[in-house]
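What follows is a single structure, written as structure tokens, with notes after it.
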Amino acid sequence: MVLFGDVVGSSRDRVGTTAWLRSLVAELDAAYGHGRLAGFGFTQGDELQGLLTPGADPLTAILRAALGADGREVRWAVVQGDVDPDVVGGQAPATQRTGSAFVAARGALEQARSAHDHLVIDTGRKEVDSLLEDMAPALFEMLDGMNARARIVARLALIEGLRQSEVADRLGVRRATITVSFAAASIRPLQGLVAAMRRIYGSAATDGEELDEFRLVIPAVAGHCRG
Amino acid sequence: MKRGPTGIVMFADVISSRADSAGAADWLRRLVGELDGKFGDQRLAPFGFTQGDELQGLLRVEADPITAVLVAALATDARPVRWAIVHGSVHAGRGPATERTGDAFLKAREAINAARTSHERIVIITGDGYADDLLADLTPALADLLDSLTVRQRLVAQLALIEGLRQSEVAERLGVRRATISVAFSRARARSIQHLVDGIRKVYASAFEGEGPAQQTVRVPDPVTGPPIHGSRGER
């Protein structure tokens, strides 16, 4: 799976965008671990590139980019397809790799730019792609509408998978306060939307198996959760 | 036991209507009139409402129940409503929905009682586990987006999503400039809501694929398509 992310309006703040991308690359390298076929990287055009196993979960990258302390608007292209084997034995980063999936991802990102879409997806199954693209605008609407405080709460709930009481403990606030924060940040609707998108994506990407990252975020199953 | 014809039972419960019972009843009366007009011969029985401020409807299986949700939520004087939408068998009869019975009515009653306890806003039961799990995950986002609109944004969304007007037509109807309406469209989250509604309609329709020519299909016949995964019902 090839994953491209294009930082919107990055030309206005080149230095800041590059620093942001560098820390996102490190975060995604750690988050995906063995789900990567190559290290994450980014190009001079402020474009993030990743090469992941077919069963890896693209929502993880989208959520981590959107819910960082310094969230930026990113357009995403997610393409399942062939990638050329790497001449240096599987070590070269995604930015130095080629294959038809990279070409398709390039086209998908252009399409996202011209249509002002946040996500273009190509799993090879049109009905799955169109369903996911129907859900993406609502997802980004909810993610982009968050203030800094809501992003912190959303990050703990959606990425670290903490319950309300655990988020309250972590932030050192009362349970009642967190209940209000959860409602204000639309945490439950977001969790549902993300879960639905993961299931739909997984039905195409893994022939019915659950996504790798999806297993990791369920605490009961994830003895090896990287959190 | 004789299995009745199949239909879509819709219950809508005005949330905290007790605070303004007369106002809620008046609003429901107008909503019933609007839905009767909107669904016309797609109804198996006229819409009605009970003394407990609960709207009831019974539609043909080919009707789109999501439209009723939008009509109620995007009225300029909208009130918060909880929906139970159940596809199933209903007893034959002639009276309004409030006087009808059948398996789908019993399930809708159960569903709306459960939704009250769990604070769910839109519960849809097609009988297909995969579709119902997805719908349960998707409808909170729809309710959340619809709830966030102001009166003015609801009006714009109503013209776009229910009447199907383009931006230029909405601008004309409201007597404002094109540029103004473009901003209003994005504030009203018209595109996000439209897409999410499209997605929810596709998932809903996928539950009935292969049941007859009247149904839309999502899981189109496709040689590379494996069987859909079935999420376990207890995972939420």
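Read-outs throughout are calculated quantities, based only on the coordinates presented, and are distinct from any laboratory measurement. Note that the structure is a prediction, hence the values are computed from the model and not measured. Cβ atoms come from the backbone with ideal geometry, glycine included; neighbour counts cover every protein chain shown.
Computed quantities for the displayed model
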{"item": "Fully extended contour minus Cα-Cα distance, from A:ARG113 to A:THR53, at 0.36 nm per residue", "result": "19.1 nm"}
{"item": "Positive-end extreme of charge dipole, the protein assembly as shown - chosen from A:ALA61, A:GLY145, B:SER148 (charges on Cβ)", "result": "B:SER148"}
{"item": "Spin-label model distance (nm) - A:ASN147 vs A:LYS126, 7 Å beyond Cα toward Cβ", "result": "4.5"}
{"item": "Amide hydrogen neighbours beyond the local backbone of A:ALA38, cut-off 5 Å, H modeled", "result": "A:LEU51"}
{"item": "Alpha-carbon Debye profile of the protein assembly as shown, log10 I(q)/I(0) at 0.07, 0.10, 0.13 Å⁻¹", "result": "-0.39, -0.79, -1.27"}
{"item": "From phi via Karplus (6.51, -1.76, 1.60), per-residue ³J(HN,Hα) for the range B:25-39 in Hz, x at Gly/Pro", "result": "5, 5, 5, 4, 4, 5, 5, 4, x, 5, 5, 4, x, 5, 8"}
{"item": "Virtual spin-label span in nm between B:THR76 and B:GLU110, 7 Å along Cα→Cβ", "result": "4.2"}
{"item": "DSSP loop GluC sites (Glu not before Pro) with at most 15 other Cβ within 10 Å excluded, longest remaining stretch of chain A", "result": "A:74-159"}
{"item": "Förster radius 25 Å - calculated FRET efficiency between A:THR18 and A:THR98 (Cβ-Cβ, nearest 0.05)", "result": "0.55"}
{"item": "Separation in nanometres of the label points that stand 7 Å from Cα toward Cβ, at A:ALA26 and B:ALA179", "result": "4.5"}
{"item": "The range B:6-148 - Rg and Dmax from Cα coordinates, angstrom", "result": "14.0, 40"}
{"item": "Gaussian network model of chain B, Cα within-10 Å springs - most flexible of B:LEU146, B:LEU70, B:LEU165", "result": "B:LEU165"}
{"item": "Values of log10 I(q)/I(0), in the order q = 0.11, 0.17, 0.18, 0.19 Å⁻¹, for the range A:2-216 under a Debye, Cα-only, solvent-free model", "result": "-0.52, -1.24, -1.38, -1.51"}
{"item": "Residue order, fewest to most beta carbons within 10 Å, for B:ASP198, A:ASP70, A:ASP57", "result": "A:ASP70, B:ASP198, A:ASP57"}
{"item": "Nearest-20 debye value, the protein assembly as shown charge dipole, Cβ charges on Lys, Arg, Asp, Glu", "result": "1240"}
{"item": "Among A:GLY50, A:ALA157, A:THR98 - extreme Cα towards positive end, dipole of chain A, charges at beta-carbon", "result": "A:ALA157"}
